[in-house]
C-alpha cells in the first residue's frame, strides 16, 4: 500500500526533536534543564522552515506529574517517558535527531524508521516550507 507522504502534500511537517534529556546528567536538575534547553533551541529554527516542532517532554512531563512523578528518573517517570514518546511518534511526520548520546532518542529514531518516517540530523535538512507558511 502506497501512502501519500506529508512532503508530497507540500504541507508543514510535525517534527519531533529528539536528543539527550536525562543522558549525561547524573540526575542533576541543572544539567537536565540544560539538555531540555538544547532540545528547545531547535524549535524556532524548525518553525522558521515552515514546520511544527515538538519536544517529547512537552507531552510527557504533564502526564508524569499527573501520575505522581516527583523526580526526573523516578519509577513514574520511567513508566511514562518512553511510552509517551512512542505514541507521539505515531502522530509525527519526521524526527530531528540532535547530537549527543541518548538511549531514548536512539529509540525514537529506530521507531521512526520502522514507521517509514524521515529522520533528519540538522534543521537545514528539513524541506523549506517557510514560503508556504
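No lab work stands behind these numbers, since they all come straight from the coordinates. Model, not experiment: these values are computed from the prediction. When we count neighbours, we look across all protein chains shown, and the Cβ atoms used for this are built from the backbone with ideal geometry, even at glycine.
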Practice task
For each of 93, 108, count neighbouring Cβ atoms within 10 Å of the residue's Cβ, then give the residues from fewest to most.
Solution key: 93, 108
Practice task
Just check the range 34-73 against the gyration tensor rule for me: Cα atoms, a ≥ b ≥ c as the square roots of the eigenvalues, rounded for a/c under 1.5, and otherwise prolate or oblate depending on whether a/b exceeds b/c.
Solution key: oblate
Completion exercise
With Cα springs under 10 Å, the Gaussian network model of the chain assigns the largest mean-square fluctuation among 60, 33, 112 to 33
Exercise for the section: Return 130, 23 ranked ascending by Cβ neighbour count within 10 Å, so the fewest neighbours appear first. Expected result: 130, 23
Handout entry: Square roots of five times the Cα gyration tensor eigenvalues for the range 28-128, Å
Key = 24, 16, 12
Practice task
Kindly express, to the nearest 10 degrees and within the range 0 to 90, the angle between helix 103-114's C-alpha long axis and the longest C-alpha principal axis of the chain.
Solution key: 30 degrees
Exercise for the section: May I ask for the Rg/Rh ratio of the range 77-133, computed from Cα atoms with Rh as the Kirkwood radius, given to two decimals? Expected result: 1.02
Problem - Gain upon complete extension [residue 41, residue 10; 0.36 nm per residue less C-alpha separation] - result: 8.7 nm
Practice task
Relative to the longest principal axis of the C-alpha atoms of the chain, give the angle of the C-alpha long axis of helix 56-66, reported between 0 and 90° and rounded to the nearest 10°.
Solution key: 40 degrees
Fill in the blank from the handout: Extension length gain for residue 23 and residue 75 (0.36 nm per residue less Cα distance), in nm, is 17.1 nm
Exercise for the section: Please identify, among 95, 71, 84, the residue showing maximal mean-square fluctuation in a Gaussian network model of the chain using a 10 angstrom Cα cutoff. Expected result: 71
